[in-house]
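Novice: Sending over a structure as structure tokens; questions will come in a sec.
The values are calculated or read from the model by the stated rules, or taken from the named source; none is laboratory data. Because the structure is a prediction, the values reported are computed rather than measured. Here the Cβ positions follow ideal geometry from the backbone for every residue, glycine too, while neighbour counts run over all protein chains shown. Just so you know, the surface numbers come from the protein's heavy atoms only, side chains and all, with ligands and any DNA or RNA stripped out. Shrake-Rupley method; radii C 1.70, N 1.55, O 1.52, S 1.80 Å.
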Number of protein chains: 2
Amino acid sequence: MTIAGTGGRPVNAQAGAALKAAALHLIREKGYENVSIAAIASKAGVARQTLYNRWNTKADLVLDAVFEATHNFAAEPVRTESKSGPLLLEEFLTNVFVHLNVDGDILRALIAAAQQDATFQTAFYDSFVQPREKMITALLSEAQARNELSPDRNPEMLSNFIHGAFWYRLLNRKTLDTAFAKEITDEVFRPHADVR
Amino acid sequence: MTIAGTGGRPVNAQAGAALKAAALHLIREKGYENVSIAAIASKAGVARQTLYNRWNTKADLVLDAVFEATHNFAAEPVRTESKSGPLLLEEFLTNVFVHLNVDGDILRALIAAAQQDATFQTAFYDSFVQPREKMITALLSEAQARNELSPDRNPEMLSNFIHGAFWYRLLNRKTLDTAFAKEITDEVFRPHADVR
DNA sequence: TTGATTATTGGACATCAGTCTAATAATAGC
DNA sequence: GCTATTATTAGACTGATGTCCAATAATCAA
């Protein structure tokens, strides 16, 4: 443990921003696998070590970059008196799918990286996956409170199903469109028999 | 295009078997990411090029090896007069989860490899993913024919949901146990209101 | 201005995947 | 036995990741 001394050369914030921008630009152009760390550093006009000073792996950098660039995607759906649970879910999923049709390849690469690097896995889960899981869980719980969903159903489990449904399609490169958003919604909010 | 001539040194079948065995052994011991292709070839007592003569990547080799070693896992469920659709599904999922609790790390690595290599992705999907998807689709279609499932539900979509549910948990390293198999089954076969 | 401290840089280094090549080995047909 | 053919082997080579290091640059405190 070193005690932080005073002074010292300050971190160059521009370098970090340039690295994120370079990474996103190159990866959207050539694809995640075809962009080397050296290429990103070079395009950012920065030494390779500077990148490693900030992130452990390419995945950590890209997670940061894509998170920053798309924080408005898959945002908390805006609740309104007039919007029903099914409508909110369908809109949310449609938004997510729009994002995935743009950056789906990057997300597939990040999911892959998470399988190969336990440290990145928890970072990815905590900062990206888990929050979105909770958004849908909350949405479903509220729908349950409004009696749009049977009280004996488990919002967490349903959120698991919902995310699984489109992860599976994303990872197997099947289409994610509005029709699929509707199918998921219909399945979740399918009219059910009264319990006993 | 070369026309296959007669003669020539025959392929050494033992080399292929030794490579598959070495790969499985090393990977189960050290983990997929910690085993190099050179180490597999070395353990098999074979030149590295011999491995490349048979498979394009480590993933292709391991897919072959794990497929061969576990073809009895996730096998077609045995139908019986007395077994209901829910029971068949729950048993099937329980079997799959037993397998995943043994070789889940390998499958996560293969799913990751599929995201990084389009050629492997189709090989993996065609030989491994798709057949299992169809098993569950068939199981659900039969249940539908026996009126255990409403005719307005879509077995293919449900199979997508089911696989997604446990892929999602597998990829996020959450537990896959008998309780989860039951939860999936209950959700799929949940009593529904009559249509209209 | 000087000294301590921290960031950045450029380069070396080990390891790995994947491609390629020349030499050698094992077969079939003659 | 001889030739054509194909598989195997050992090794070289390129490009990539990740680690390490010494030199230099930029700041604070005195």
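Novice: Starting from the range B:130-158, take each residue that is open to solvent by 40 Å² or more (accessible area, probe 1.4 Å) and list its partners that are aromatic (Phe, Trp, Tyr), counting only C-beta distances under 8 angstrom and pairs at least six apart or across chains.
Specialist: Going by the 8 Å Cβ cut-off, the qualifying pairs are B:Glu148/B:Phe189.
Novice: Between A:Ala69, A:Ala109, which is at pLDDT 95 or above and among the small types (Gly, Ala, Ser)?
Specialist: A:Ala109
Novice: So which helices (runs of 4 or more DSSP H) are wholly in the range B:1-119 and hold at least 3 residues that are open to solvent by less than 60 Å² (accessible area, probe 1.4 Å), closer than 30 Å to B:Thr185 by Cβ and assigned by TED's automatic domain parsing to the domain that holds B:Ala179?
Specialist: Once the helices (runs of 4 or more DSSP H) in the range B:1-119 are filtered for at least 3 residues that are open to solvent by less than 60 Å² (accessible area, probe 1.4 Å), closer than 30 Å to B:Thr185 by Cβ and assigned by TED's automatic domain parsing to the domain that holds B:Ala179, what remains is B:85-116.
Novice: Could you list all residues from the range A:1-35 that are away from chain B (no Cβ under 14 Å) and hydroxyl-bearing (Ser, Thr, Tyr)?
Specialist: A:Thr2, A:Thr6
Novice: Taking the range B:181-196 as the region of interest, how many residues are surrounded by fewer than 18 Cβ atoms within 10 Å (Cβ to Cβ) and either more than 9 Å from chain A (Cβ to nearest Cβ) or within 24 Å of A:Lys174 (Cα to Cα) (or both)?
Specialist: Total meeting the criteria: 3.
Novice: In addition: In the range B:163-180, how many are over 17 Å from A:Pro155 (Cα atoms), more than 7 Å from chain A (Cβ to nearest Cβ) and in a helix (DSSP H, G or I)?
Specialist: Residues that pass the stated criteria total 2.
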